[in-house]
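Colleague: Input: one structure, supplied below.
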């Protein structure tokens, strides 16, 4: 009861403070709000810069992709690192490496999930049909992230989800036989290495970290803009690699309590 | 090459982590060399950057080369405020990495590479937090440090440790979210995320500066950082999390995490909102100093009540956080309080590192987790105990150590700012520290009760093998050397307090601006 | 009635809801006893912040932040009582941009290479970018927290906080 | 952005959040949390944040819900609150 009272007081105070701040917000959807158009009398905002100039800089029509992978590429690299760190943390916490664990208790899941053979067949066949389509779509999302919503992260989650689907429909062993443990950690590392490798390559060629423009001579493009555009694709592939493997790794560890021998 | 140093500093540990992921899983012996190399590269880059700052002043580094207009890219900035902090991070992480070799081996051998991956990513996060000049980038890096430290704390800890870890996750995430929320309010009002750009807009535009949203933004950023640094009423997660986790983790997290959060608070105060606005326009200074006083007193009293060594040290951290927050908010006209707080970040990190090293060694080698277990430890482990005495003296504030000088600056700030309650709390806390540590000295030197119960057998044993216990119990050089280095650094930082404080003070805006604006 | 609606409710409605959601999440984190419930609360708390950020970037009558680079034939914006019904793939027509903000010198020639776009026709991309990162951070945190929950369950056999605390107290008194 | 749509989704969102937090069966709570994810994804698509909506559809409604369900299966399904 006491916690409820404390919670109520904390929530009431926080909420009223936030509402107090909301009172002098610009109204919702106002194109001239400071965030959208800069402070009155000041310089035009950076978001306007992104909308008007980013295509000239990068030749990428999807502004979100160009801001994500180029202007704020440093953030995005660390976003990938966050995913990697999360995967590693889950591994460190949960993974049981010595197989002294008790055998799985099947009766606990029998009460929630009743598998019939018919379900197996229907689910298995559906997954066989659906998983390649998901993966193909994921590749499209990664590759077409320059022109449509999507990009490395979304595509990566989709690939990871296709593995999770395989693990759910068949079992975890089947999914792990496609992508086993040392390999998914390695692939995750390679993903970030691709990303950071682009950055370091830029440093070697004389630019700042992630300054894709200087990659022009290496990528044989027409100008620095196209070099940026192509590098972004490379970077997105790195993100997708890390995210897909780590998403699967998180699921595999959580579903099997870290033993990796039986899934849901 | 030289202008790439900031990026190298942040990225070297990350590359180290990736290399371990690629090559370290099969053969664990390659892990430590990689860790050591990458940390040394970072430390070298940090020292290089600090050296450049002393020569040329502030270094700006624009990620991806997006300089104009300010704020479209991500800016890194190394100035007088953080130059020493990055060196501190480099030194502390390198020293702890030595300490962690044996520790991890004992813990869970198969997870060694993963421990080191988390360790190195944590270092990346800490470096990144310290040098970034982008408010949102700070959030991302804070999350990296948080996630890795959740993993490090929960890995291989006891039942209590696991419970502490989940509390830490909940509190830490709420703290980071509050920070993010505050940044969102600021972004909504100013339209930019670059700290210096935000400050320019706030200074130029009176209406924005005095709007509710900006005040709420400041409040929430502050609350978020306070949760992260375990400022007293929000400290609940810290003691259990740090005292029930593996020692090498505690040695890494306890000195650095809270101190970096204090640094972030000072950075936010100076680089986003501006001291003038905070101290004169808002006038929350008295309130925060009173909160800090409560934190100092509560932390000290709670520390006095503990029987476990690590828990006692954890509550001392809570008290020390009170010192630093209070010091930063003293708002004295010469900013001695702020300088003292920043100096105390350095000195307290070293003191905490030293004490946690010793606590880790004790808990491992003679299985001493409670104060009563320390009977006669000074005889068995003279080097470790000597370092412990030095760390304890610094904590109490005895002259040649850095602890004395940081308290000196803080008290000076308190007197000049007219915050007598803060001065009193500081003295009270020093007194409590003295009581605490002399209690330990007493037990460790003379034993709690004379060893009659064990009979003459043991004494006999001691007499005959005069030197042998020393060799037996004193741990290997890998642990002793970092400890001695830390102890020496405490003294050195104390001896060179003048230049260090002068160096830090260059980061503050000229005092006249604030003095002239005072009512 | 409609005027009241437009002037009082509409401007800040999103922000109110975000506060409500956020407080629901915060309340769950503090008051709920079950760890999974706390984590669901935490996730709601985080999505509320994301909702806040995305609401910052919304502009009335603006489309998604993807430039149309196939030439002008795709542009169609229907005007109806000052409300726009947009095709999701189009950006607004340059002519009408001029009506709204006459002081822009560019935007007339909407050719293949010159994509001078009026900023008001597109949602602000920056909050979207930031929130992509925040979502990722959120799921990583959720995963780690769930892993710790499983460890808790392994050690205590329960996920209710009061039972865990009681057991911790018992074991402490045993020592 | 269509405002009436906006309001309807926001109200549904609050309802979904309340139900998800008040249901005693954790499996249902996780499922409703997935629904919450889909609703918020819809809201973002409607606000013009298509990339965020896409990510949320994949992460919030998909992976998060699956991770929650995985944990619920491996622990207890009932909760006291």
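Taken together, the values in this text are just the output of simple stated rules run on the coordinates, not laboratory data. Because the structure is predicted, anything quoted here is derived from the model rather than measured. Cβ coordinates were reconstructed from backbone atoms using ideal geometry, including for glycine residues, and neighbour counts include every protein chain displayed.
Colleague: Sort chain A into rounded, prolate or oblate with this rule: let a ≥ b ≥ c be the square roots of the eigenvalues of the Cα gyration tensor; rounded if a/c is under 1.5, and if a/c is not under 1.5, prolate when a/b is larger than b/c, oblate otherwise.
Modeller: Here chain A falls in the oblate category.
Colleague: Round to the nearest 10 and give me the degree value, 0 to 90, for the angle of helix A:224-255's Cα axis relative to the longest principal axis of chain A.
Modeller: 30 degrees
Colleague: Below 8 Å between Cα atoms, with a sequence gap of 6+, how large is the relative contact order for chain B in percent? Walk me through the intermediate numbers first.
Modeller: Details: 827 pairs, mean separation 70.5, N = 519.
Relative contact order comes out at 14 percent.
Colleague: For residue A:204, put the label point 7 Å out on the Cα→Cβ axis and report which residues of region A:216-260 keep their amide N under 12 Å from it.
Modeller: A:218
Colleague: Kindly put A:220, D:3, B:496, C:52 in sequence by how many other C-beta atoms sit within 10 Å of each C-beta, fewest to most.
Modeller: Working: A:220 10, D:3 18, B:496 13, C:52 25.
Ranking A:220, D:3, B:496, C:52 by Cβ neighbours within 10 Å, fewest first, gives A:220, B:496, D:3, C:52.
Colleague: Continuing with this model, one more query. At a Förster distance of 35 Å, what's the computed FRET efficiency of residue C:16 paired with residue B:276, Cβ-Cβ distance as r, to 0.05? Please report the intermediate quantities before stating the final value.
Modeller: Values: r = 34 Å, r/R0 = 0.96.
Computed FRET efficiency for residue C:16 and residue B:276 comes out at 0.55.
Colleague: Just want to confirm a number: the relative contact order over chain A, from Cα pairs under 8 angstrom separated by 6+ residues, in percent.
Modeller: So the answer I get is 24 percent.
Colleague: What 222 nm value per residue comes from the helices of the protein assembly as shown, counting each DSSP H run with n ≥ 4 as -39,500 (n - 2.57) and dividing by all residues, nearest 500 deg cm²/dmol?
Modeller: Values: 44 runs with 717 residues, N = 1039.
Only helices count here, giving -23000 deg cm²/dmol.
Colleague: Turning to a different aspect of this structure: Counting other beta carbons within 10 Å of each Cβ, put B:186, B:346 in order, fewest first. Kindly include the intermediate steps, with their values, before the conclusion.
Modeller: Values: B:186 29, B:346 23.
Fewest-to-most ranking of B:186, B:346: B:346, B:186.
Colleague: Continuing with this model, one more query. Just for the Cα atoms in region D:25-74, what are the lengths along the principal axes, largest first, rounded to whole Å?
Modeller: 38, 15, 6
Colleague: How big is the antiparallel share of DSSP beta bridges in the protein assembly as shown, given as a percent to the nearest 5? Each step should come with its number before you reach the end.
Modeller: Numbers: 14 of 15 bridges.
Bridges in the protein assembly as shown are about 95 percent antiparallel.
Colleague: Taking the number of other C-beta atoms within 10 Å as the exposure measure, put A:254, C:42, A:68 in order starting with the fewest. Mind dumping the intermediate values first?
Modeller: Details: A:254 26, C:42 23, A:68 31.
Going from sparsest to densest Cβ surroundings: C:42, A:254, A:68.
Colleague: Using a Gaussian network for chain A with springs between C-alpha atoms less than 10 Å apart, which of these wobbles most: A:218, A:39, A:83?
Modeller: In this elastic network of chain A, the residue with the biggest mean-square fluctuation among A:218, A:39, A:83 is A:39.
Colleague: Please list, in order, the residues from region B:158-187 whose amide nitrogen is less than 16 Å from a point placed 7 Å along the Cα→Cβ vector of residue B:287.
Modeller: Zone members listed by number: none at all.
Colleague: How far is the Cα center of region B:307-357 from the Cα center of region C:118-145, in Å?
Modeller: Centre-to-centre (Cα) distance: 35 Å.
Colleague: With the crude spin-label approximation of a point 7 Å out along Cα→Cβ, what separation in nm comes out for residue A:144 versus residue B:438?
Modeller: 7.7 nm
Colleague: Can you compute the radius of gyration and Dmax for chain B, using only the Cα atoms, both in Å?
Modeller: Using the Cα atoms of chain B, the pair Rg, Dmax is 22.7, 80 Å.
Colleague: Please give the length that would be gained between residue A:180 and residue A:122 if that part of the chain were fully extended, namely 0.36 nm times their separation in residues minus their C-alpha to C-alpha distance (nm, one decimal).
Modeller: Numbers: separation 58, 0.36 × 58 = 20.88 nm, distance 2.63 nm.
Working it through step by step, the gained length comes to 18.3 nm.
Colleague: Once the protein assembly as shown is represented by equal point scatterers at the alpha-carbon sites, with solvent omitted, what log10 I(q)/I(0) does the Debye formula produce at q = 0.06, 0.07, 0.09, 0.10 Å⁻¹?
Modeller: Each listed q maps to, in turn, -0.43, -0.59, -1.00, -1.24.
Colleague: Between helix B:112-131 and chain B, what is the angle of the helix's C-alpha long axis to the longest principal axis, kept within 0 to 90° and rounded to the nearest 10?
Modeller: Its long axis makes an angle of about 40 degrees.
Colleague: If you line up the long axis of helix B:31-56 against the longest principal axis of chain B, both from Cα atoms, how many degrees apart are they, to the nearest 10?
Modeller: Once rounded, the angle reads 40 degrees.
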